[in-house]
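This report concerns only the one structure given below.
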């Protein structure tokens, strides 16, 4: 069983996009979610963004969310969740979640659960930069 | 009364022009009272603080809370990770 929860300075590297490290013969299903910086938001062109973070709490929350997902969906699941921090450009990968479980239902459910809970509780804040030169903190997501 | 660190992030940090401060707060209090006290100190950010949750030593708290000397509090405005 693999449990990995981490913050990463900058956009996530290509290695974070693959669940290869979670592949194991007891797990018949792997589900992944990859979050990408969009080049538009609410009709406005986004040229970049920056994430602020309360780092010690965010590390703790990520680890707790993995435990929560395992307790809810499959005690034996493997999980990897990584969130990028700092400046990013459209097309950069900001978050990657991989879940390996015996069956697809738990894998999909745990993956969905983690991204939704992350958006509720992870102390990370996004500041978008727009094509017109303005910037704004997003108010929740 | 314990002396605690209070941390601010993102929009709230910019509004206050302050990333952290040290406050003396009651030992036995509750999260709503702590946020109200902070809002009272910073009326220019009252609207932002009104939507915030309180964390003590890296964990969200709600309701009754006991503060120790040196505790690390954080005012967590609605988050936008992902």
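If you take each beta carbon of peptide A:93-100 and count the beta carbons of other chains within 10 angstrom, what is the mean?
1
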Which one, A:115, A:81, A:99, has the greatest fluctuation when you compute a Gaussian network model over chain A with C-alpha springs under 10 angstrom? A:115
Spin-label pair residue B:40/residue B:18, simplified geometry with 7 Å Cα→Cβ offset, distance in nm: 1.5
Round to the nearest 10 and give me the degree value, 0 to 90, for the angle of helix A:104-121's Cα axis relative to the longest principal axis of chain A. 40
Chain A shape via C-alpha gyration tensor axes, a/c threshold 1.5: prolate
Which shape class, rounded, prolate or oblate, goes with the stretch A:86-126 when its Cα gyration tensor gives a ≥ b ≥ c as root eigenvalues, a/c under 1.5 marks rounded, and past that a/b bigger than b/c marks prolate? oblate
What is the distance in Å between the Cα centroid of the stretch A:3-44 and that of the stretch A:108-141? 15
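Helix-only estimate, please: 222 nm mean residue ellipticity of chain A, summing -39500 (n - 2.57) across DSSP H runs of length 4 or more and dividing by its residues, to the nearest 500.
-9000 deg cm²/dmol
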Cα long-axis angle, helix A:55-73 against chain A (0 to 90 degrees, to the nearest 10): 40
Measure nothing fancy, just the Cα-based angle from helix B:31-41's long axis to the longest principal axis of chain B, in degrees from 0 to 90, nearest 10. 60
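Just so you know, all these numbers are worked out from the coordinates, no wet-lab data involved. Keep in mind the model is a prediction, meaning the values are calculated, not measured. Reconstructed Cβ throughout: ideal geometry from the backbone, glycine too, with neighbour counts over all protein chains shown.
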